[in-house]
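Have a look at the structure below, then the notes.
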Amino acid sequence: MKILLSFLAFLFFCQNINAQDNKVILNGYLKDANNGETLIGAAAFIKELSVGTTSNAYGFYALEVPPGQYTVEYSYLGFESITLNVDLTENQELDIELSEEATKIEEVVITAEAEDENVQTVEMSTNKMDVSLIKKMPSLLGEVEIIRGLQLLPGVTTVGEGATGFNVRGGSIDQNLVLLDEAPIFNSSHLFGFFSVFNPDAVKDVKLYKGGIPSRYGGRLSSILDVRMKEGNSKKLSVNGGVGFIFSRLAVEAPIVKDKASFIIAGRRSYIDVLSQPFLPEDQRDSRLYFYDLTLKTNYKISSKDRLFLSGYLGRDKFVFGAQAGFSWGNSTISTRWNHLFSEKLFSNLTLFFSDYDYEINFGDDSQNAFDWTASIKNYSVKPEFSYFFNPQNMIRFGGQAILYEFEPSTAVGISEGEVRDFSLPNKYALESALYIENEQDITDRIKINYGLRWSFLNYMGEGTAYFYGEADAPGDRRPLLSTQQFDQWESIQTYNNLEPRFSFKYQLTPSSSFKMSYNRMAQYIQLVSNTTASTPVDIWTPASNNIRPQLADQVALGYFKNLQKNKYEFTAEVYYKKMQRIVDYVDNADLILNERIEGDILEGEGRAYGLELLMEKKKGTFTGWVSYTLARTERKVEGINQGNWYPSRFDQTHNLSISGFYELNKRWTLSSTFSLISGTPVTFPTSRYEQQGYILPHNANDTRNNVRIPAYHRWDIGATLKGKEKPDKKWTGEWVFSIYNVYSRRNPFAIFFRPEGDGRPPVNGPVNTEAIKLSVIGSFIPSVSYNFKFN
């Protein structure tokens, strides 16, 4: 490690030792002329010097050049470029607003970024999805779905319909860090995974990191999903929304002070509970089955050097069945950010956020017989970040973060015949912190690298009781409790720290092709406690402790990137290998619910994931789309499971093929279609059975894990969008969206289980026969119609 860091420091020193002091700075913000939104990844290029840069996540750019007269081109795909003659005899601040290109059928594009960004940048194993493209995809019940769009890309999977979250390159769903304006979202799904928590009307940018993760990100092993919200129209009032079969949405954005302060507020609510009321029995009329979310953001430009942002999210799912039972869960976040320009070259952002995920379970409708359970994970964070535009060849980022976690595993009280029993578990506390530095450096015209280092630290703290366990009698057995110790508030129980090096490399083979490679180490200090095939809303989060060590992952990726026919087509091929350490698993028959000694049931193992990802994308023309294919394997090895041998993980899917197409029939009609074919996930079936007094006891004689695969998953969806007629100076525009989900009514298996044939009673004579039952969440095609509108 020391040799690598010394070599990179030497490269930086050699390239900049002769840097001249008589340089000038050109900087500013790049924005959308229509609404004042800052543009992420827009390009500023000086033709005479053949140097350029792109705007950061807040639209800021900076270039350092010798004094002189220059021709500067500003561009962003889907927008008209601007070319200016700039007299740079001294530092100059220049904010630019780009206008969208006039709509032409023959020039339809499906992204908003530099045309050759995929081959020119050092980034690899990343996917950026434009919200306007996601809105064209066939939808379930008419609702635009961001997470489902990501699952059509290579390396991203799900275990089936009704499964919350997503899996990336062999990782579990808790190994994905989902950020909404910097604040973490711990459950990214509504309605058990059918819809995501992100309102498309409020989303500005969606970017997924699967590998080559820069050092400014950390905390999870597998991926970072960075979702940025719109800032609000700073030019004029704009209202948009949609009305569907089971829910509707509305977003309002407007300037508070034109070109200086603006806001956006967006809300959604399902109303299936309202529609179902007339069909429910009398004792179920109080049932409430719905979800809602509310998203808010405002910003204020204090001066040319300072800008404030305030973002908030509140979302909840409620399933209440009459007055006797129900449960609910939801996320809430609030984040404040302050952008400050210390100098022409030093940009900073300070983020403060609060995030809370909680759920409730209730049974019983009287004071004598009831059960109430609540749980949550709260976190408070401060995150200072700095970007230093050293020169056109080097952009340095550095900063840190501190997160205080408060885990409430359960506040549970049961009442039986008036007798009260408290099942509550004590809260847990942890402080996670990190420092990082990274540099993106152009070594030559062909070679670009990004290298960095992240140091992370966890302090698992009191107030609380720490449990100390002995060695298990045999691998895979429950560990015996030896002793306990009480710790005071903020007293350290266990600490961990890790160095996480990151490195990415790009070699430009030709102007239209490049070779890339990357390495990253990631550490994860919190994890879900769950042994289900798919995560549920009532899973428990817990920190690393004196019994659970933080998980680690090392990933290497190689890639070839090629653009064809003047960037009309993009081809990407990547291979990756990821090694995971200290992966959490559980002893057989582990008790994960309301168990204060749960850490004694946890096993530690290792994992590996490797694969090939292919993506061919057509980005221009009346017909656009992509074909994605992933060949992958994900395995685990835990002493005491599967006789200590490697076994496929529960989300291992060997083949994953996705095809997406969009056809602009004319200026009003757009047709879309998606198809997915995915290998079935592994499950554990018994290999033998015992019969006793007519009852069946399944048995796995060889102690094998995930020894069978369920049938393959495949689904075809189609959609069509009809835009309203265009009229000059028309303030109201609308479109009808038609879609059919699961066109040929495929009953994809979510799980398979066994049960005795008949009514379950043992037969009088003869053997007991069993039957396999396939559980499918969706078994028919689902048509939908929705209407989207916009007023400005």
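The values are calculated or read from the model by the stated rules, or taken from the named source; none is laboratory data. Given the structure is predicted, the values throughout are model-derived calculations rather than measurements. Please note: Cβ atoms are built from the backbone with ideal geometry, for glycine as well, and neighbour counts cover all protein chains shown. Protein only, heavy atoms only, side chains kept; ligands, DNA and RNA dropped before computing areas. Shrake-Rupley method; radii C 1.70, N 1.55, O 1.52, S 1.80 Å.
Residues in the range 628-676 that are surrounded by fewer than 18 Cβ atoms within 10 Å (Cβ to Cβ) and at positive phi: 640, 643, 644. For the range 434-443, the criterion of being open to solvent by 20 Å² or more (accessible area, probe 1.4 Å) and without any contact (Cβ under 8 Å) to a residue 12 or more places away in the chain is met by no residue.
Select from the range 577-597 the residues that are open to solvent by 60 Å² or more (accessible area, probe 1.4 Å) and either among the basic types (Lys, Arg) or not in a strand (DSSP E or B) (or both) and list them in ascending order. Those that are open to solvent by 60 Å² or more (accessible area, probe 1.4 Å) and either among the basic types (Lys, Arg) or not in a strand (DSSP E or B) (or both): 579, 588, 589, 591, 593, 596, 597. For the residues 621, 625, the requirement of being in contact with a Phe, Trp or Tyr (Cβ under 6 Å, 6 or more places away or on another chain), among the small types (Gly, Ala, Ser) and modelled with pLDDT under 95 singles out 625. A search for C-beta distances below 6 Å between a residue of the range 596-609 that is closer than 22 Å to residue 411 by Cβ and any residue that is polar (S, T, N, Q) and open to solvent by less than 60 Å² (accessible area, probe 1.4 Å), counting only pairs 6+ apart in sequence or on different chains, returns 599/547. Among the residues making up the range 409-432, those that are assigned to a strand (DSSP E or B) and either open to solvent by less than 40 Å² (accessible area, probe 1.4 Å) or touching a residue at least 40 places away in the same chain (Cβ under 8 Å) (or both) are 409, 410, 412, 413, 414, 415, 416, 425, 428, 429, 430, 432. Let me confirm something: among 321, 354, which residue is under 23 Å from the mean Cα position of the chain (by Cα) and of a type in the set (Phe, Trp, Tyr)? Only one candidate passes the filter, namely 354.
Within the range 469-486, the residues that satisfy the criterion of being without any contact (Cβ under 8 Å) to a residue 40 or more places away in the chain and open to solvent by 30 Å² or more (accessible area, probe 1.4 Å) are 471, 473, 482, 483, 484, 485, 486.
Residues in the range 289-332 that are modelled with pLDDT of 90 or more, open to solvent by less than 60 Å² (accessible area, probe 1.4 Å) and part of a loop (DSSP other than H, G, I, E, B): there are none.
Please list, ordered by residue number, the strands (runs of 3 or more DSSP E) wholly in the range 481-576 having 1 or more residues that are out of contact with any helix residue (DSSP H, G or I) (no Cβ under 7 Å at 6 or more places or on another chain), among the small types (Gly, Ala, Ser) and closer than 30 Å to residue 444 by Cα. Working first, answer last.
Values: elements: 481-487, 492-510, 513-524, 526-529, 540-543, 551-564.
Fully inside the range 481-576 and qualifying: 492-510, 513-524, 551-564.
Tally time: how many residues in the range 725-758 are free of Cβ contacts under 8 Å to residues at least 40 places away in the same chain and either surrounded by fewer than 17 Cβ atoms within 10 Å (Cβ to Cβ) or not β-branched (Val, Ile, Thr) (or both)?
Matching residues across the range 725-758 total 12.
Among the conditions (1) out of contact with any Leu (no Cβ under 9 Å at 6 or more places or on another chain); (2) under 30 Å from residue 638 (Cβ atoms); (3) open to solvent by 20 Å² or more (accessible area, probe 1.4 Å); (4) in a strand (DSSP E or B), residue 466 misses just one, which is (3). Taken over the range 698-715, the residue count meeting the criterion of being touching a Pro at 6+ places or on another chain (Cβ under 9 Å) and in a strand (DSSP E or B) is 5. Of the helices (runs of 4 or more DSSP H) entirely within the range 115-172, those holding at least 3 residues that are among the hydrophobic types (A, V, I, L, M, F, W, C) occupy 131-134, 146-150. Within this structure, residue 556 passes the test of being open to solvent by 50 Å² or more (accessible area, probe 1.4 Å) and either at pLDDT 95 or above or under 20 Å from the mean Cα position of the chain (by Cα) (or both). When residue 355 is tested against the conditions (1) under 23 Å from residue 229 (Cβ atoms); (2) of a type in the set (Gly, Ala, Ser); (3) surrounded by fewer than 16 Cβ atoms within 10 Å (Cβ to Cβ), the lone failure is (3). Look through the range 242-288, keep the residues that are in contact with a helix residue (DSSP H, G or I) (Cβ under 7 Å, 6 or more places away or on another chain) and open to solvent by 50 Å² or more (accessible area, probe 1.4 Å), and return whichever of them is modelled with the highest pLDDT. Filtering the range 242-288 for residues that are in contact with a helix residue (DSSP H, G or I) (Cβ under 7 Å, 6 or more places away or on another chain) and open to solvent by 50 Å² or more (accessible area, probe 1.4 Å), the one modelled with the highest pLDDT comes out as 288.
Determine, yes or no, whether residue 168 is closer than 30 Å to residue 709 by Cα, modelled with pLDDT of 85 or more and crowded, with 23+ Cβ neighbours inside 10 Å. Steps first, answer last, please.
Numbers: closer than 30 Å to residue 709 by Cα: yes; modelled with pLDDT of 85 or more: yes; crowded, with 23+ Cβ neighbours inside 10 Å: yes.
Yes: the conditions hold for residue 168.
Evaluated against (1) assigned to a strand (DSSP E or B); (2) open to solvent by less than 10 Å² (accessible area, probe 1.4 Å), residue 201 falls short on exactly one condition, (1).
Scanning the range 113-142 for residues that are open to solvent by 20 Å² or more (accessible area, probe 1.4 Å), aliphatic (A, V, I, L, M) and within 25 Å of residue 211 (Cα to Cα) yields one hit, 114.
When you check residue 659 against the structure, is it under 23 Å from the mean Cα position of the chain (by Cα) and within 25 Å of residue 707 (Cβ to Cβ), yes or no? It is false that residue 659 is under 23 Å from the mean Cα position of the chain (by Cα) and within 25 Å of residue 707 (Cβ to Cβ). Residue pairs whose Cβ atoms lie under 6 Å apart, sitting 6 or more positions apart in sequence or on different chains, and linking a residue in the range 48-77 that is open to solvent by less than 20 Å² (accessible area, probe 1.4 Å) to a partner that is of a type in the set (Ser, Thr, Tyr) and part of a loop (DSSP other than H, G, I, E, B), are 61/55.
In the set (1) over 21 Å from residue 329 (Cα atoms); (2) touching a residue at least 60 places away in the same chain (Cβ under 8 Å), residue 185 fails one condition alone, (1).
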